[in-house]
Amino acid sequence: MIRERITPFQLGCLCFSFLSGFSTLYLLEAKLLMQDVWIANLTACLFILMLLKMNAYVQNQYPHANMSDIIDIVLGKWLGKLAHAFYLLGMLGLGVLSLRSISVFYTSAILPGTSPNLIMLLVVIVTTYAASLGLSTIARSVLVILPFFVVSIVAIGFFIYQDVEANPFMPQLQHPLPLLLYGSLISFGFPFCKSYVMVFLFSEVTHQKKLFKSCSIAVVFSCAYLLIATYLTIGSLGDNMFKTAMFPFFSSIQLVKFGEYIERIEILIIAIWTIMTMYEIIVLQYVFVQIAGRLFGMKALKPFYLPVGVFFFAVATKSFVNPAELVAYDLKILPVSVNLNAVLVPVCVFVLTLFKKRGGSVQELNHS
Amino acid sequence: MIGYFVIAAIAAYGAWHCARLWRRGKLRESVVLGLVSSVVAAYLLPGVRHLPTAESIHAWLYRPLSDYVIEWLNVSTEVNVP
């Protein structure tokens, strides 16, 4: 099997796109914490940086092995298979959430008469094609899209900032510690913990020593984007409108007017959101196929991209039929459910790697 | 309508690639592909309900823990959904 290599810079760009896909769509933790949301976001960001450092350390100990192989080596064959099954379930959950979020957004904000299933099917067709092209193509295409995203968001942020009259993050520390803690959990669950998926791409990076640096910069930029979007949204909409809007950042973008030259600037943002969300599904689909291939001991994976994409679509048609269920899941289940994949398994692997002497099997794997 | 179209497409794709992989001696890949295609078709059949989803499995596994955490922290997780 030909290994596709990507540079640390490409990994960072991919990680940023993956985390920022639609991280600003609901802003649920901000609806709970309002002006204190920055504490939750920063706490979640710091926590995920710590976990990334652990994962990068583990990867550096086994430079030629994929994280799936490392999990198998460290946890053992059957415990490793169980962990992989949970990873697949978690990735399926994230993929379904992304598909449903994009369809909910489209059917409630732009295309109310269109079937959500049709929107999801169109997205899946595109992501399947993209995932089948391979990792290096995906990573290189992100480099094309990302400058467009950055320029658009900076321009729109500048225009929204003109409507912000008072600092929306003041007065601070108005919420009790337990709520801040739970807000941090929500922020950790979505979007930051999604970075555990990127760990499975670590072995494909050319310079292994730069893994943490590239991913941490991406996570910090993702956190900055989230904070800026939240600041601008609360500042321009006001507390009450922010709490009642289904897609607050989108509502704040709709307020932007640029003379008589540019109208409906939110269309631009919809396009960007759609593309970035697609990148999330593309990466999930790609990593899902890779892990499933290792789980079932398969070599020829090319024919599986389409069935896996359609599997995401099929499960999505049966999930979150009501948008309220999706929000309830994001608020209650996701902050707890991600901890197994994003915290427990990586911490176990890290601790066992620290204490485990590198045995013959590891050396054999590194030489192969 | 979309469901029938996707079932037909995945059945044709699954059958074609299963046979192709089988002929090349990749039996494991062929069997897994057949299984995945069948599961996808089952999910998309109209009238088939209550199949497990990632959402339902996660809710079944983690709801007690989630309820415990929310009760322990004594927080309200109500947000407005229009």
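Other residues whose C-beta falls under 9 angstrom from the C-beta of A:Gly235 contribute a net charge of -2, scoring Lys and Arg +1 and Asp and Glu -1. From its DSSP helices (H runs of at least four residues, each -39,500 (n - 2.57)), chain A gives a residue-normalised ellipticity at 222 nm of -22500 deg cm²/dmol.
For the segment A:323-331, counting C-beta atoms of other chains within 10 Å of every residue's C-beta and taking the mean gives 3. Rounded to the nearest 0.05, the FRET efficiency derived from the C-beta distance between A:Met50 and A:Ala324 at R0 = 45 Å is 0.85.
For the protein assembly as shown, a crude dipole built from +1 on the beta carbon of Lys and Arg and -1 on the beta carbon of Asp and Glu, taken about the Cα centre, is about 1980 debye to the nearest 20. On a 0 to 90 degree scale, rounded to 10, what angle separates helix A:135-161 from the longest Cα axis of chain A? Helix A:135-161 and the main axis of chain A meet at about 20 degrees. A crude spin-label estimate for the pair B:Arg23 and B:Leu35, with each label 7 Å from Cα along the Cβ direction, gives 2.5 nm.
In a simple Cβ point-charge model (Lys, Arg +1; Asp, Glu -1; nothing else charged), the range B:2-73 has a dipole of about 620 debye relative to its Cα centre. In chain A, the longest principal axis of the Cα atoms and the axis of helix A:345-355 are about 40 degrees apart. Of the trypsin sites (Lys or Arg not before Pro) found in the range A:281-321, the ones in coil according to DSSP and having at most 11 other Cβ atoms within 10 Å of their Cβ are A:Lys299.
Within the range B:2-73, the proportion of C-alpha pairs whose separation exceeds 16 Å stands at 63%. The length gained by stretching the chain between A:Val351 and A:Ile217 to full extension, at 0.36 nm per residue less their Cα-Cα distance, is 45.8 nm. Which net charge results when you count Lys and Arg as +1 and Asp and Glu as -1 among the other residues whose beta-carbon is under 13 Å from that of B:His17? Local charge sum for B:His17: +4.
Counts of other chain beta carbons within 10 angstrom of each beta carbon in peptide A:298-311 average 6.
Summarising the amide proton neighbourhood of A:Val205: residues at separation of 5 or more, or on other chains, whose placed amide H is nearer than 5 Å comprise A:Ile6.
Between A:Gln61 and A:Phe148, full extension at 0.36 nm per residue minus the direct alpha carbon distance yields a gain of 27.6 nm. Remark: A:Cys45, A:Cys348, A:Cys215 ranked as A:Cys348, A:Cys45, A:Cys215, counting other beta-carbon atoms within 10 Å and listing the fewest first. Straight-distance candidates among the aspartates and glutamates for linking to A:Lys257, with alpha-carbon spacing under 20 Å and chain neighbours fewer than 8 residues away dropped: A:Asp163, A:Glu165, A:Glu266. Within the same chain, lysines fewer than 8 places from A:Lys81 are excluded, and of the rest, those with a Cα less than 20 Å from its Cα are A:Lys299, A:Lys356.
Gyration tensor analysis over the Cα atoms of the range A:225-331 returns equivalent ellipsoid semi-axes of 37, 18, 13 Å (largest first, whole Å). Dipole of the range A:8-362 computed with +1 at Lys/Arg Cβ and -1 at Asp/Glu Cβ about the Cα centre; of A:Ile156, A:Trp273, A:Tyr62, farthest Cα towards the positive end is A:Tyr62. Taking the number of Cβ atoms within 10 Å of each Cβ as an exposure proxy, the fewest-first ranking of A:Val123, B:Val48 is B:Val48, A:Val123.
As a proxy for reagent exposure, A:Arg5, A:Arg264 were ordered by neighbouring Cβ count within 10 angstrom, fewest first; the result is A:Arg264, A:Arg5. Cysteine residues of the protein assembly as shown whose Cβ has no partner cysteine Cβ closer than 4.7 Å: A:Cys13, A:Cys15, A:Cys193, A:Cys215, A:Cys348, B:Cys18.
For chain A, the longest principal axis of the C-alpha atoms and the axis of helix A:177-189 are separated by about 60°.
Each reported figure results from applying straightforward, stated rules to the coordinates on display, with no laboratory input. What you are looking at is a predicted structure, and each value in this text was computed from that prediction instead of being measured. We place every Cβ from the backbone using ideal geometry, glycine too, and count neighbours over all the protein chains shown.
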